[in-house]
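A.B. asks: Before anything else, here's the structure in question.
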């Protein structure tokens, strides 16, 4: 009998899902998974409970998502004393196909995996960097130069 993937292996699968639009991140979620983004922009939920609710909220957006991710880089995985949990630091880099603009943003995630499925994913996003990359805010670095 093969052992089910742990959090490190599931995070590797998550990265592949982010880079390949044909893959569905929801396939990695347990039925009762909780996905949290504590620093979500206004109008976005900070907590979604259940795989089906997560899919209901994200699948329509995915089809129209303005960014194509090209790389997950600067990945650092921190093991914890709980074998179900890792903390990950990473940067997602991508392109906005409509404009050709390339950018990246840093993230930190706390991942809990049980029985080979994500039961909790808490992601801390650099929301301002994401909004700026999408053209929603002036680049703060440009303003200081």
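A.B. asks: If a residue has to be surrounded by 11 or more Cβ atoms within 10 Å (Cβ to Cβ) and closer than 17 Å to residue 129 by Cβ to count, how many in segment 74-106 make the cut?
C.D. replies: 15
A.B. asks: Of all residues in segment 10-31, how many are surrounded by 13 or more Cβ atoms within 10 Å (Cβ to Cβ), farther than 16 Å from residue 123 by Cα and in contact (Cβ under 8 Å) with a residue 40 or more places away in the chain?
C.D. replies: 2
A.B. asks: Among the residues of segment 45-64, which ones are in a loop (DSSP other than H, G, I, E, B), modelled with pLDDT under 95 and surrounded by 13 or more Cβ atoms within 10 Å (Cβ to Cβ)?
C.D. replies: Passing the criteria: only 45.
A.B. asks: Suppose we filter 22, 40 for residues that are more than 14 Å from the chain's Cα centre (by Cα) and at pLDDT below 95; which single one remains?
C.D. replies: 22
The values are calculated or read from the model by the stated rules, or taken from the named source; none is laboratory data. Just so it is clear, the structure is predicted and the values come from calculations on it, not from any experiment. Because the Cβ atoms are built from the backbone with ideal geometry, glycine has one as well, and the counts that use them run over all protein chains shown.
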